[in-house]
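The values are calculated or read from the model by the stated rules, or taken from the named source; none is laboratory data. Since the structure is predicted, the reported quantities are computational estimates derived from the model, not experimental observations. Cβ coordinates were reconstructed from backbone atoms using ideal geometry, including for glycine residues, and neighbour counts include every protein chain displayed. Heads up: the accessible areas ignore ligands, DNA and RNA and are worked out on the full protein's heavy atoms, side chains in. Shrake-Rupley method; radii C 1.70, N 1.55, O 1.52, S 1.80 Å.
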Amino acid sequence: PAETPPRSRRAQRFMLRAARSTRLLGAARVRARDQTQCRQLATMPDHAVDPFSALEHRMWEAGAGAYRDSFAKVTAQTTNALLDAAGVETTKAMSVAMAARESIADLGSRRAAATMEVSREGGMRVLDVATGTGVVADGAAARGASEVVAVDFSAAMLEQARAVAEAHPSGVVTLLEGDAAALPLPDESFDAVVIGFGLLHLPDPASALAEAHRVLKPGGRLAFSVWEEPSRGNDAFAALLDALAEHGDKEAALPDTSAGAPLPFFHFASLEASTTACAAAGFDKASVGLQRIPSSVSLRSEHELVEMFATSTARSRALLELQSADQLEAIRAAVAARVRKGFGGAWVQGEARSTAGAWRTGLPGAEEGEHVPQEFAATIGGAAKGTRWQGGRRSHLVPMPSVVVSAQKPVRTKKAK
């Protein structure tokens, strides 16, 4: 027999992995240790899935914890813009509760306690698709939403999100394991739908947008976030993709969806592409808007960026796993060199201070902890009392901006008599 072409051998490897994930998907269902927080609303379909879906499921099942500890800290920087674009406003009752706190710094550590005490009257009903670790669902609940349904097809991700459900009153945040393209939810039942960085991880984004339109009430809003293109300043992805192009296997490719090759990863970072897709799903074409959100990833070492991609992503991790040992070593070295050369520095008072002089190392940088000085503090750049800043000691800060797209479902008009 003829020798198997290289692409076919890779496809076979993906199919073997897909078979394992298919068995997981066939048996998957909402796992509820606490029935007040996680209801069994539906089960995943018991049929074979396409290789792309199986790959995505396998990656997120394996990388949920790593995602929580790395990428989720970057995606969280887009949460407020995403909720704003979806029209998820802070309720009057929640605003009063927040204003009553002794200080902004105190609010951060006591937010969960505050939500336990506040009336949900006037709150919106929000659907969070591809919730992951539940960061966006947490933000919606903290704004006073009356109910947040958080959907993901990965049980491992929902396990990470369980702490969010448990931090809010019973019934406020509901975790649901389900398919974004076939939501087991009633028509016109939500005021807002949000999809945080999940659209391009779905085999059929068009179906997911159509489902979002179906479950939205007339006049309801959709908002989704995606990564900005490398050519528009997304230096984190540029570092990885350039290293793959220079040192990686040129034949390495993702498996197909049932309809063919998956969409390019940065497809929806374009207003034109997003407008076309939203209009096709039934949203008001004139309502589609796009905003670019600055965000960055803070790193302890020059090697951490490629490790994030290798352990806590799906598409990027899959491509890295297709490399030989020598290719992978060269890719790691190239990304580390790029981080070391171009992105030393720190965040101070919300501004990037780069590699020059005393700002190089050992100074406050972007970290998971937010700080608010209680008095004027010259030691952190002269921040005035009440100034928010993110503090820590990180050696590298790499821009990783995103895009938030929003659209509105048309309001149903009354027919003339």
* To do: Go through the residues of the range 243-262 one by one and say whether even a single one is under 26 Å from K73 (Cβ atoms) and surrounded by fewer than 17 Cβ atoms within 10 Å (Cβ to Cβ).
  => no
* To do: Working only within the range 55-87, note down all residues that are open to solvent by less than 10 Å² (accessible area, probe 1.4 Å) and outside any helix (DSSP H, G or I).
  => A86
* To do: Please verify whether the range 145-164 includes one or more residues that are of a type outside the set (A, V, I, L, M, F, W, C), open to solvent by less than 30 Å² (accessible area, probe 1.4 Å) and in a helix (DSSP H, G or I).
  => yes
* Please state which of the following conditions S189 fails to meet, knowing it meets all the rest: (1) crowded, with 22+ Cβ neighbours inside 10 Å; (2) under 24 Å from Q408 (Cα atoms). => (1)
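Okay, residues lined up against (1) out of contact with any strand residue (DSSP E or B) (no Cβ under 9 Å at 6 or more places or on another chain); (2) surrounded by fewer than 15 Cβ atoms within 10 Å (Cβ to Cβ); (3) in a helix (DSSP H, G or I):
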{"position": "T275", "(1), (2), (3)": "no, no, yes"}
{"position": "L290", "(1), (2), (3)": "no, no, no"}
{"position": "E302", "(1), (2), (3)": "no, no, no"}
{"position": "F309", "(1), (2), (3)": "yes, no, yes"}
{"position": "T313", "(1), (2), (3)": "yes, no, no"}
{"position": "L319", "(1), (2), (3)": "yes, no, yes"}
{"position": "Q327", "(1), (2), (3)": "yes, no, yes"}
{"position": "A336", "(1), (2), (3)": "yes, no, yes"}
